[in-house]
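Below is one structure, written out as structure tokens; the observations come after it.
The values are calculated or read from the model by the stated rules, or taken from the named source; none is laboratory data. It should be emphasised that the depicted structure is a prediction, and the values quoted were computed from it without experimental measurement. A quick note on method: Cβ atoms are made from the backbone with ideal geometry, for glycine too, and the neighbour counts reach across all protein chains shown.
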Amino acid sequence: MGEIRKKIVTIGGGTGSFTLLSGLKKYPVDISAIVSMADDGGSTGVLRDELGVLPPGDVRQCLVALSESSETLRELMGYRFEEGGLKGHSFGNLFLSALEKVEGSFSRGVEEASKILNIKGEVIPVSEDSMKLHIGLKNGKVLIGENNLDHNEEIRKIGIEKVFLKPRVSACKKALEKIRQADMIVIGPGDMYGSILPIFLVREIADAIRKSKAKIVFNCNLTNKRGQTENFTIDDYVRVAEEYIGKKKIGYVTFNSKRIPADLVRKYESHEGKGSVIKFHAGYDRRRSFRVVTADVLNANEPARNKNDLISASRAFIRHDSDKLAKVIMMLLEIGDYEKIIKGIF
């Protein structure tokens, strides 16, 4: 009999999931990445509007992260056209949209792309229904579309009260199956209101997580966003996540202990405001139902910008390190005794 491999389900999308999955694929585990389908900005938004396809952007990033194909093929998936009618579009987004048309469904298209890219694990859209994110502001106004999160000044000035889906959507059966089988569910890092909470808004997903016996880990972001997670602490992130899950389920929170370079902090705060880099106060709060695991998970190198990326200005430049974060996750997967963790593993 072969070795029984542990099963990890990741929840999120975008750059955060790309970072996490790029590190996790190096370990002998079964990986299932459940991805939000609420994205409607940039190249993804144009394809969604013009072709009537499901949003390919976040799925593309997860596929590339898990791919064990050649560097050239992985670069091809991320290539963005520089001129003409396709300017700003990534080849990978066009490829996935074409596969959806050829295969007759987005899920089957992703399965074919997974074979072509030789990915380690599975990438699963949370739903094959058209997800339309509604954003309720603190003044009662409702904005429609995930793209507003990064491009609407009212959100930055007024702040978000809640997000919801209208109409409701159904979960992909495979996503539910993977959650039921999981040994560990890893949430984030990533855009809280754009990538993480929309997954919990699919009611069957939240229900499956509430019933799960898996260890649940929340990778806390490094920075906050004005009007969205402004002034959030670790406890605020967990509180909001669990409100949308519907139950206290998070057992561990990972948080960066490495000092972020001052020049990157200044650059980020010039856009998001003072205090937008999250700090952790070491004092143990007895009210917490989760354990905080601090470790150096910082990628201190500022990523290169792609001038053809239509939404590059909104992408974070203070990021987690793939290998460091994956190492922490794997240790938590193997060791459930928090006391062992804090006595010198990290």
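For segment 213-234, the criterion of a residue being without any contact (Cβ under 8 Å) to a residue 60 or more places away in the chain, over 21 Å from Val293 (Cα atoms) and assigned to a helix (DSSP H, G or I) is satisfied by no position.
Residues satisfying the criterion are present in segment 29-45 (criterion: more than 20 Å from Ile196 (Cβ to Cβ), buried (at least 21 other Cβ atoms within 10 Å of the Cβ) and at pLDDT below 95). In summary, helices (runs of 4 or more DSSP H) completely within segment 77-191 and bearing 3 or more residues that are basic (Lys, Arg) occur at 173-181. Answer yes if at least one residue in segment 235-255 is surrounded by 24 or more Cβ atoms within 10 Å (Cβ to Cβ) and among the aromatic types (Phe, Trp, Tyr), and no otherwise. Checked against the condition, which is being surrounded by 24 or more Cβ atoms within 10 Å (Cβ to Cβ) and among the aromatic types (Phe, Trp, Tyr), segment 235-255 yields at least one hit.
Of all residues in segment 103-132 being β-branched (Val, Ile, Thr) and at pLDDT 95 or above, which is farthest from Val59 (Cα to Cα)? This residue is Ile119.
Looking for something of a type in the set (S, T, N, Q) and surrounded by fewer than 22 Cβ atoms within 10 Å (Cβ to Cβ) - is there at least one such residue anywhere in segment 92-111? Within segment 92-111, one or more residues are of a type in the set (S, T, N, Q) and surrounded by fewer than 22 Cβ atoms within 10 Å (Cβ to Cβ).
The residue of segment 1-24 that is modelled with the lowest pLDDT, among those that are outside any helix (DSSP H, G or I) and buried (at least 22 other Cβ atoms within 10 Å of the Cβ), is Gly13.
Across segment 256-282, the qualifying residues are those that are small (Gly, Ala, Ser) and assigned to a helix (DSSP H, G or I), and the one among them that is surrounded by the fewest Cβ atoms within 10 Å (Cβ to Cβ) is Ala262.
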